[in-house]
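Enquirer: I'd like to ask you about the structure that follows.
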Amino acid sequence: MDNTILVTGGAGFIGSNFILQWIAEKRTPVVNLDKLTYAGNPRNLERVCLNPLYSFQQGDICDRDLVRGLLERRRPQAIVHFAAESHVDRSIRGPDDFIRTNVNGTFSLLEETRAYWTQLPDQDRERFRFLHVSTDEVYGSLGPDDARFSENTAYAPNSPYSASKAASDHLVRAYHHTYRLPTLTTNCSNNYGPYQFPEKLIPLMILNARSGKPLPVYGDGLNVRDWLYVEDHCEAVRGVLHRGRPGETYNIGGWNEKPNIEIVETICSILDEICKDDPLVPHRNLITFVKDRPGHDRRYAMDARKTERELGWKPRETFESGIRKTVQWYLENDAWVKEVTAGNYRHWIATHYS
Ligand code: NAD
Ligand code: DAU
């Protein structure tokens, strides 16, 4: 076993940011296993695709022969598991893929990891880690005065997406408890930043506003999310991987609760400022309240004190600087935007918002 890590779902939003950061900072080998669903985009990794430290394997985490072969060949010292179906609205329209990848896929990965880990020499077995990346949504929905989610909050998932993530978290927990597999679980709040697929709130609003399309705010726009810049999330995951205690879970969040309407208005103001001669100014005129998401969780907020205390991690980016960088990134990366908003994407937008 050398110092290679295996990342699953590394062509998606957070996974690709994680790999770019890992190669820039750690300079050790990364193998990316990704199925390349609609959400996976090799272009996200253009900066490292010729770097000898990076290698890509297209494949499904449910394909046990493929996973077994990859583990035998590359002998990683850690697995960082991002691969998932991740969009709540898609899970409401069609939950099957969520159960398949998030539940069965995580189970397959755990089984193959257990077989691989069991036969490692003592020292390598001791050093090995399986880090499972999960979400705050497994804890359900908070009222306005409820305490933030801690690692001890009871699970109460409300959407097929969050239920599938909760199921995968439970499997990971059981593999530690039963087999002593050295697992770590991270539960993070809403991420934003470069390379996020524009089905999610922030990139959707930036791109719609830029092209004069309606900005569809669900319900009354007062649902609250706790936003974290993606690079801060990736840094926290690295911290957990190196210093986290096996069997533990770590909450990661931005201490940055905001109602959706405020996020959309902020994006509009930044665009007004950057594109001041545009006839679309003021962009907030594009805001349109639409039918609410079924079962829409009202508020998420993370208590990240354990992660901060044990790992010495804190978010570096403020929301003000992070959102500005993000808007700028989407305006400057037209080729990426054109590519991801072609084909299937148009079909999703047309069906979902009709
Ligand atoms: P994403 O949808 O952008 O990317 C998911 C990636 O997984 C894609 O590259 C896709 O091709 C790949 N994938 C999907 N099914 C696969 C399969 N069966 N086998 C192999 N690869 C497969 O997701 P994201 O937003 O980057 O989220 C990554 C992880 O972080 C997910 O586990 C998600 O639950 C979790 N998470 C996301 C957020 C957020 O705000 N985006 C917050 C907390 C936790
Ligand atoms: O909290 C972590 C989770 O954050 C992750 O686990 C998920 O993978 C990720 O997709 C995200 O889930 P959300 O449902 O919170 O993110 P989304 O960007 O879809 O929506 C954010 C909020 O904005 C939510 O309250 C719904 C609302 N919304 C979303 C869209 C797409 C709108 O009002 N209009 C929209 O068009």
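Enquirer: Considering each residue of region 154-183, count those that are in contact with a Gly (Cβ under 8 Å, 6 or more places away or on another chain), within 16 Å of ligand 2 (Cβ to nearest atom) and open to solvent by 20 Å² or more (accessible area, probe 1.4 Å), and give that number.
Expert: The number of residues fulfilling the criteria is 4.
Enquirer: Would you confirm whether or not region 299-315 contains a residue that is charged (D, E, K, R), modelled with pLDDT of 95 or more, part of a loop (DSSP other than H, G, I, E, B) and touching a Lys or Arg at 6+ places or on another chain (Cβ under 9 Å)? Spell out how you get there, then give the answer.
Expert: Narrowing region 299-315 to residues charged (D, E, K, R): 299, 303, 305-306, 308-310, 314.
Next cut, modelled with pLDDT of 95 or more only: 299, 303, 305-306, 308-310, 314.
Still in the running and part of a loop (DSSP other than H, G, I, E, B): 303, 314.
Those still in the list that are touching a Lys or Arg at 6+ places or on another chain (Cβ under 9 Å) too: 303.
Scanning region 299-315 turns up at least one residue that is charged (D, E, K, R), modelled with pLDDT of 95 or more, part of a loop (DSSP other than H, G, I, E, B) and touching a Lys or Arg at 6+ places or on another chain (Cβ under 9 Å).
Enquirer: Let me ask something additional. So for region 275-284 (the condition being surrounded by 23 or more Cβ atoms within 10 Å (Cβ to Cβ) and out of contact with any Pro (no Cβ under 7 Å at 6 or more places or on another chain)), does at least one residue qualify?
Expert: Looking for residues that are surrounded by 23 or more Cβ atoms within 10 Å (Cβ to Cβ) and out of contact with any Pro (no Cβ under 7 Å at 6 or more places or on another chain), one finds at least one in region 275-284, hence yes.
Enquirer: While we're here: In region 242-264, which residues are over 21 Å from Arg148 (Cβ atoms) and crowded, with 19+ Cβ neighbours inside 10 Å?
Expert: Val264, the sole residue that qualifies.
Enquirer: Give the residue that is farthest from ligand 1 (Cβ to nearest atom), with candidates limited to residues of region 147-191 that are more than 24 Å from Gly239 (Cα to Cα), touching a helix residue (DSSP H, G or I) at 6+ places or on another chain (Cβ under 7 Å) and not in a helix (DSSP H, G or I).
Expert: Checking each candidate, the answer is Ala156.
Enquirer: Restricting to region 82-100, name every residue that is assigned to a loop (DSSP other than H, G, I, E, B), closer than 8 Å to Tyr161 by Cβ and open to solvent by less than 40 Å² (accessible area, probe 1.4 Å).
Expert: Glu85, His87
Enquirer: When you scan region 256-268, do you find a residue that is more than 15 Å from ligand 2 (Cβ to nearest atom) and not in a loop (DSSP other than H, G, I, E, B), even just one? Walk me through it before giving the result.
Expert: Step one: list which residues in region 256-268 are more than 15 Å from ligand 2 (Cβ to nearest atom), which gives none.
Checked region 256-268: no residue is more than 15 Å from ligand 2 (Cβ to nearest atom) and not in a loop (DSSP other than H, G, I, E, B).
Enquirer: For region 61-70, what are the residues that are hydrophobic (A, V, I, L, M, F, W, C) and either under 15 Å from Leu131 (Cβ atoms) or open to solvent by 30 Å² or more (accessible area, probe 1.4 Å) (or both)? Talk me through it step by step, then tell me what you get.
Expert: Kept after step one, since they are hydrophobic (A, V, I, L, M, F, W, C), are these residues of region 61-70: 61-62, 66-67, 70.
Within region 61-70, Ile61, Cys62, Leu66 meet the criteria.
Enquirer: Could I ask something else about it? Name the pairs: first residue in region 74-99 and within 17 Å of Ser168 (Cβ to Cβ), second residue within 14 Å of ligand 2 (Cβ to nearest atom) and open to solvent by 30 Å² or more (accessible area, probe 1.4 Å), Cβ to Cβ under 6 Å, at least 6 apart or on different chains?
Expert: Listed by first residue and then by second, the contacts come to Phe82/Ile14; Glu85/Asp97; Ser91/Pro160; Pro95/Pro160; Phe98/Pro160.
Enquirer: Show the residue pairs that are 6+ apart or on different chains and have beta-carbon atoms under 6 Å apart, the first residue being within region 245-274 and within 14 Å of Leu286 (Cβ to Cβ) and away from ligand 1 (no atom under 16 Å from the Cβ), the second being hydrophobic (A, V, I, L, M, F, W, C) and at pLDDT below 95.
Expert: Nothing qualifies.
Enquirer: Show the residue pairs meeting these rules: Cβ distance below 8 Å; 6+ apart or different chains; first residue within region 329-354 and farther than 22 Å from Tyr229 by Cβ and touching a residue at least 60 places away in the same chain (Cβ under 8 Å); second residue part of a helix (DSSP H, G or I) and of a type in the set (Asp, Glu).
Expert: Correct list of pairs: His352/Asp89.
The values are calculated or read from the model by the stated rules, or taken from the named source; none is laboratory data. Please read these numbers as outputs of a predicted model, since none were measured by experiment. Glycine gets a Cβ as well: all are built from the backbone with ideal geometry, and neighbour counts include every protein chain shown. In case anyone asks, the SASA skips ligands and DNA or RNA and just uses the protein heavy atoms, side chains included. Shrake-Rupley method; radii C 1.70, N 1.55, O 1.52, S 1.80 Å.
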